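Heads up: the structure comes next, in structure tokens.
The values are calculated or read from the model by the stated rules, or taken from the named source; none is laboratory data. All of these numbers come straight from a predicted model, not from anything done at the bench. As a convention, Cβ positions derive from the backbone with ideal geometry for all residues, glycine included, and neighbour counts pool all protein chains shown.
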Amino acid sequence: MKATLTIILIFGIQIIYCQSVDNFINPEIKVNNKNIPIDKKQSYFPLELFPEKDIKFTQINDSTTQIEYIPIENEFDTFIVNWYSKHLHAMEEPLLFNKQLDKEVFRFTWLRSFDNPIAIRIEKNNEEYRLYWKLCNGAGGYEPGEIEIDKSKKLKKKHWEYFKKLINNCDFWNMELGRTSIGNDGSEWIMEGNDTKKYRVVSEWSPDDGAFYNACNYLIELTNLKFKKRQKY
């Protein structure tokens, strides 16, 4: 009989932070007229939304390993924040947390280890809906390179409403903070949201199905970007 290995994932009690936009507003951050940070060292995310985590392995039996991701109080994953931020700087994306916005915005940042980094932003401004996407010629796991694609298009209300349904399906505003799985290669799927009242950012490593995957993948499908099967990870 072929042996199988069972891995049980247990996430530690989540450290809860206030998601109110007011909690993150920082007038000292210097930005241009498009809200793009002038300082290349400026983080694109509040550090407290990326808690550092201990990983605890417990062998239950010969075929079952329990893995726990336990947030460490008052310690933050600066390596991940700096990595993600470097790519958004290269794509000349605006900050989403530093001030009160007058529109709803969600941004999916897709960092694949060996393929071009991509940022896709969907916005609702009153009754206008737009999609923006950018692609750099570097690689998500290495250096971002320079902007190669920078496009946008108008969306219909139905597109926005369907995306919001997908966001609600994955319970975005209550998803686990910080990284909940880690791998050597693969991809980082990072979603930010600012609905004018609250801000949140979550990240998953190489999802291939599920509600969060569906929300991110829908934004990919709304662009005119085409991928070979091996590039979709």
Being over 28 Å from Glu28 (Cα atoms), out of contact with any His (no Cβ under 8 Å at 6 or more places or on another chain) and either among the aliphatic types (A, V, I, L, M) or in contact (Cβ under 8 Å) with a residue 40 or more places away in the chain (or both), is that true of even one residue in the stretch 103-112? yes
Scanning the stretch 113-129 for residues that are assigned to a strand (DSSP E or B) and free of Cβ contacts under 8 Å to residues at least 24 places away in the same chain, which turns out nearest to the chain's Cα centre (by Cα)? Glu123
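Just give me the residues in the stretch 22-40 being of a type in the set (Lys, Arg) and within 15 Å of Leu101 (Cβ to Cβ), in sequence order.
The one that is of a type in the set (Lys, Arg) and within 15 Å of Leu101 (Cβ to Cβ): Lys34.
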Starting from the stretch 49-62, keep only residues that are of a type outside the set (A, V, I, L, M) and assigned to a strand (DSSP E or B), then list their pairs with residues that are surrounded by 11 or more Cβ atoms within 10 Å (Cβ to Cβ) and at pLDDT 80 or above whose Cβ atoms are within a distance under 8 Å, requiring at least 6 positions of separation or different chains. Pro51/Glu75; Pro51/Phe76; Pro51/Asp77; Pro51/Leu177; Glu52/Glu75; Glu52/Phe76; Glu52/Asp77; Lys53/Asp77
I need the full set of residues from the stretch 203-214 which are in contact with a strand residue (DSSP E or B) (Cβ under 7 Å, 6 or more places away or on another chain) and either part of a helix (DSSP H, G or I) or in contact (Cβ under 8 Å) with a residue 40 or more places away in the chain (or both), in order please. Ser203, Phe212
Residues being farther than 24 Å from Gly141 by Cα, aliphatic (A, V, I, L, M) and not in a loop (DSSP other than H, G, I, E, B): count how many of those fall in the stretch 63-103. 3
Out of (1) of a type outside the set (Phe, Trp, Tyr); (2) assigned to a strand (DSSP E or B); (3) within 24 Å of Asn116 (Cβ to Cβ), what's the single condition that is false for Lys41? (2)
Determine the pairs where a residue that is free of Cβ contacts under 8 Å to residues at least 60 places away in the same chain and of a type in the set (Phe, Trp, Tyr), located within the stretch 130-157, has a partner that is surrounded by fewer than 17 Cβ atoms within 10 Å (Cβ to Cβ) and assigned to a strand (DSSP E or B) with Cβ atoms under 7 Å apart, the partner being 6 or more residues away or on another chain. Tyr132/Ser152
